[in-house]
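The values are calculated or read from the model by the stated rules, or taken from the named source; none is laboratory data. Since we're looking at a predicted model, the values are computed, not measured. Cβ coordinates were reconstructed from backbone atoms using ideal geometry, including for glycine residues, and neighbour counts include every protein chain displayed. Surface accessibility is based on the protein's heavy atoms, side chains included, excluding ligands, DNA and RNA. Shrake-Rupley method; radii C 1.70, N 1.55, O 1.52, S 1.80 Å.
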Amino acid sequence: MAEIAFDNSYAALPDGFYSKQPPHPVSNPSLITFNGGLSKRLGVDLPDQIDKALLFSGNHVPGGADPLAQLYAGHQFGNFNPQLGDGRAVLLGEIVAPDGKRFDMQLKGAGRTPYSRNGDGRAALGPVLREYIVSEAMAALGVPTTRALAAVRSGEQVYRETALPGAVLTRIASSHIRVGTFQIFAARGDLEALRILFEYTRDRHYPDAETPIDMLSAVMARQADLVAQWLSLGFIHGVMNTDNCTLSGETIDYGPCAFMDDFHSDRVFSSIDHMGRYAYSSQADVIVWNMAQLATSLLPLMSDRDSAIEQMQSLIGTMPDMLRAAWLTHFAPKIGIADPEPEDAKLITSLLSAMQSGQADFTNTFYGLGDDTAADHFADPSAFGEWQSTWKARIASETDPETVMREANPALIPRNHRIEEAIQAALTEDDAPFHRLNAAFATPFSANDDVADLRQAPLPNERISATFCGT
């Protein structure tokens, strides 16, 4: 049996933080892909004779593992659910990489847990492939994210609206601690568990934080920068519930997510987001709201409640400005400005407004600024021409705007219709499109001729307007 050098600190926390259980075996596992580059990053050396399908399906639990399902709560579309937890995932254990950084290794689709809430605990092939493609593309784009180590067909059917092939994803994360992890103990009034969780999270992610307020401030900074990166790439998370908001500052849960094609500030893709709570333009507001829920959960740890409330309200009040600063930091290079001034925000927003009225493709327009093809992506190029003259005057004083733009604007993003093509092919056991996408998205800033088709915006009949939760 394979052995992995696990070092399981979360499993050493009190029993009330999780339920220990192994993954449930599947009937006929077969490996779709294994991420060798990530394996090296983790320092996980698996000999060739190790059957990776058995290992990453959960059929063979590696030596050193201490599998468990984590407990947490969460606000889902603004409504508090007092108990959620890993309903279809099992944390195998933690790995300390050669550089000393700690990572969780989790199997998604590993079967029922005490938190499954009438679910089957399994994952369908499509959502597993989507998460693998998008999370690895996000990593290549430089966005903090969970990673995908392996994908395995289960050889079993899962039943949603119809019968679908099942699969298991191996997810790697700096941790799976969420805002919802704090919420469950705060809601229960379990101050001892809340204190233990704070100390554990601080030691794991924020060793310089002396107080809960210090940690809240640090989490806010990471989340503000993360959401600004999403916005700069036209990414819509789709389900920014507090149980999908990590304390590490990594993007997690790639269910109803999407990258925009033509820009619209109020774009929604999630099939269940009927009110647009998690629309593109709402994501900055939502992360402030999520951080306020974290502040509320940390409040019981403070000895002087009135003073703590005042400090936390003041701190949360700074987050909109923090987000605006991060937004400018990530958007300015996209138009060739390395060191932006506050007034440059107007130049960027005026381009976005022109893009929206001109139905311009988000990714291709920004990439086109660097090769003078941006106007080609507007239904009415004159709208771009009016903006272009102002922009040209602004960047005339920049040292090397072309290089700045080239490093900030990807040529490739995982477009919905391409992901769907790969999924549909995989349903017929053809994994070639899936592998092609992963290979292309590993270098998203390259515009090679052999991936020219992946750069194209979808035709009207190729558009996908809704994405779905993988539960």
Log entry, pairs with first residue in region 26-46 being free of Cβ contacts under 8 Å to residues at least 40 places away in the same chain, second being surrounded by fewer than 19 Cβ atoms within 10 Å (Cβ to Cβ), beta carbons closer than 8 Å, six or more apart or on different chains, reads Asp45/Ser39
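Surrounded by 15 or more Cβ atoms within 10 Å (Cβ to Cβ), part of a helix (DSSP H, G or I) and either in contact with an Asp or Glu (Cβ under 8 Å, 6 or more places away or on another chain) or of a type in the set (S, T, N, Q) (or both): does that describe Ala440?
Values: surrounded by 15 or more Cβ atoms within 10 Å (Cβ to Cβ): yes; part of a helix (DSSP H, G or I): yes; either in contact with an Asp or Glu (Cβ under 8 Å, 6 or more places away or on another chain) or of a type in the set (S, T, N, Q) (or both): no.
Considered against the rule, which asks whether it is surrounded by 15 or more Cβ atoms within 10 Å (Cβ to Cβ), part of a helix (DSSP H, G or I) and either in contact with an Asp or Glu (Cβ under 8 Å, 6 or more places away or on another chain) or of a type in the set (S, T, N, Q) (or both), Ala440 comes out as no.
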Among the numbered conditions (1) free of Cβ contacts under 8 Å to residues at least 60 places away in the same chain; (2) open to solvent by 20 Å² or more (accessible area, probe 1.4 Å); (3) in contact with a His (Cβ under 9 Å, 6 or more places away or on another chain), tell me where Asp262 comes up short.
(1)
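Condition check ((1) within 27 Å of Gly142 (Cβ to Cβ); (2) basic (Lys, Arg)) across all residues:
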position: Ala308; (1), (2): no, no
position: Met312; (1), (2): no, no
position: Met319; (1), (2): yes, no
position: Leu323; (1), (2): yes, no
position: Trp327; (1), (2): yes, no
position: Ile337; (1), (2): yes, no
position: Glu343; (1), (2): yes, no
position: Lys346; (1), (2): yes, yes
Selected residue (only one of Glu398, Glu429, Glu421 is touching a residue at least 12 places away in the same chain (Cβ under 8 Å) and open to solvent by 50 Å² or more (accessible area, probe 1.4 Å))
Glu421
Give me the residue from region 443-471 that is open to solvent by 70 Å² or more (accessible area, probe 1.4 Å) and of a type in the set (D, E, K, R) and, out of that set, modelled with the lowest pLDDT.
Arg463
In region 228-256, the residues that are more than 15 Å from Ile287 (Cβ to Cβ) and either hydroxyl-bearing (Ser, Thr, Tyr) or touching a Ser or Thr at 6+ places or on another chain (Cβ under 7 Å) (or both)
Gly234, Tyr254, Pro256
Among the residues of region 114-140 satisfying the criterion of being out of contact with any strand residue (DSSP E or B) (no Cβ under 8 Å at 6 or more places or on another chain) and either among the acidic types (Asp, Glu) or surrounded by fewer than 20 Cβ atoms within 10 Å (Cβ to Cβ) (or both), which is modelled with the lowest pLDDT?
Asn118
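I need the full set of residues from region 265-292 which are among the charged types (D, E, K, R) and open to solvent by less than 20 Å² (accessible area, probe 1.4 Å), in order please.
Applying the first criterion (among the charged types (D, E, K, R)) to region 265-292 yields 266-267, 273, 277, 285.
Correct list: Asp273 only.
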Filter result (touching a Ser or Thr at 6+ places or on another chain (Cβ under 8 Å), in a loop (DSSP other than H, G, I, E, B) and of a type in the set (Ser, Thr, Tyr)) within region 7-66
Ser27
From the list Gln76, Gln70, Gln106, pick out the single residue that is farther than 18 Å from Thr170 by Cα and of a type outside the set (A, V, I, L, M, F, W, C).
Gln76
Filter region 371-429 down to the residues that are polar (S, T, N, Q) and assigned to a loop (DSSP other than H, G, I, E, B) and list them by number.
Thr373, Ser397, Thr399, Asn409, Thr428
Go through region 70-84 and give me each residue that's under 18 Å from the mean Cα position of the chain (by Cα) and crowded, with 22+ Cβ neighbours inside 10 Å.
Gly74
So for region 208-216 (the condition being modelled with pLDDT of 95 or more and either basic (Lys, Arg) or within 28 Å of Arg436 (Cα to Cα) (or both)), does at least one residue qualify?
no
Under 7 Å between Cβ atoms, at least 6 apart or on separate chains: pull out the pairs that start in region 52-67 with a residue that is over 13 Å from Lys108 (Cα atoms) and modelled with pLDDT under 95 and end on any residue that is surrounded by fewer than 19 Cβ atoms within 10 Å (Cβ to Cβ) and among the acidic types (Asp, Glu).
Pro62/Glu3; Gly63/Glu3; Gly64/Glu3
Out of region 240-259, which residues are open to solvent by 10 Å² or more (accessible area, probe 1.4 Å) and part of a helix (DSSP H, G or I)?
Asp243, Asn244
